[in-house]
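As structure tokens, the structure follows; a few thoughts come after it.
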Amino acid sequence: MYVPKHFALQDPERIAKVFRHFDFALLISALDGQAPVAAHLPFIFDSTRGAKGTLRAHMARANPQWRDLAQLAETGGEALVVFSGPHGYISPSWYGPGDAVPTWNYVAVHAYGVPRSIEDAGEVEALLAGMVALHEAGSPAPWSLETQNEAYLARMRRGIAAFEIPIARLEAKAKLNQNKDAGVRRDVAMALREGGEADLAAWMEDTL
């Protein structure tokens, strides 16, 4: 990813925020001589495992991409996971007088690492339980694996391929009008809020 210095996102806490708040990401793998393959998957970020953290997910075993991940694991090849944070159109009219053109502000993180298949039944169960607990949190009647028919769950588990990607390197970008002065950025953030883009406005306000 092209990351000019003034748009570089380097704060580990803000990068983790992208992983956790925008966790439905794009997994891309490419074997030598073959076209890239992509899957849209929810990920869990574990900041306690590895210097840069570890991403964990699963896909349908019917999806042949899991075999690509297994081959990358054997050869030491990296997969790429793309997280897209808040983004939106920026009108030049929000800048005030002077020459300007439209642009698009956005936050994005690319995470690279060698995938590892998760085959241990206990690890798979922990991954699934963690994902369910994360997304059921706040529900007045949270759904739980423990309350379901075990024979049915066993069949479902056999139909998935779980994996994790210890993050080896990151490319993180927050393009938020840092090339404009603070007053202009406040005006842009205000216009975004008025237009219903509160997440992007909050990220811009954090740069002030």
Quiz item: Cα gyration tensor of the chain, axes a ≥ b ≥ c as square roots of the eigenvalues: rounded (a/c below 1.5), prolate (a/b > b/c) or oblate?
Solution: prolate
Self-check item: Environment charge at V109 (Cβ cut-off 13 Å; Lys +1, Arg +1, Asp -1, Glu -1)
Solution: +3
Quiz item: Can you run phi through the Karplus equation (6.51, -1.76, 1.60; θ = phi - 60°) for segment 126-132 and list ³J(HN,Hα) in whole Hz, with x for Gly and Pro?
Solution: 5, 4, 5, 4, x, 5, 4
Practice problem: Give, as ranges by residue number, the residues of segment 49-70 whose backbone N falls under 19 Å from the point 7 Å along Cα→Cβ of R155. | Solution: 60-63
Quiz item: Given R₀ = 22 Å, FRET efficiency for D99-D187 by Cβ-Cβ distance, to 0.05?
Solution: 0.85
Exercise. Considering only R158, R169, R20, give the residue with the highest GNM mean-square fluctuation for the chain, with springs between Cα atoms whenever their separation is below 10 Å.
Key: R158
Quiz item: Looking only at segment 72-95, which residues have a backbone nitrogen under 15 Å from a spot 7 Å from the Cα of A202 in the C-beta direction?
Solution: 85-87
Exercise. Would you mind counting up the charge near N179? Only other residues with Cβ under 12 Å from its Cβ, with Lys and Arg at +1 and Asp and Glu at -1.
Key: +3
Quiz item: Using a ≥ b ≥ c from the Cα gyration tensor of segment 113-208 (square roots of the eigenvalues), is it rounded, prolate or oblate, where a/c under 1.5 gives rounded and otherwise the larger of a/b and b/c decides, a/b for prolate?
Solution: oblate
Self-check item: Net charge over other residues, Cβ less than 14 angstrom from the Cβ of N149 (K, R count +1; D, E count -1)
Solution: 0
Self-check item: Only Lys, Arg (+1) and Asp, Glu (-1) charged, at Cβ; segment 5-205 dipole about Cα centre in debye
Solution: 240 debye
Quiz item: With r defined as the distance between the Cβ atoms of E194 and M1 and R0 fixed at 35 Å, what FRET efficiency is calculated, to the nearest 0.05?
Solution: 0.70
Quiz item: For segment 33-153, what class follows from the C-alpha gyration tensor (a ≥ b ≥ c being the square roots of its eigenvalues): rounded when a/c is under 1.5, otherwise prolate if a/b is larger than b/c, else oblate?
Solution: oblate
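Laboratory data are not the source of any read-out in this text; all were calculated from the coordinates shown. As the structure is a prediction and not an experimental result, all values here were calculated from the model. Here the Cβ is made from the backbone with ideal geometry for all residues, glycine too, and neighbour counts use every protein chain on show.
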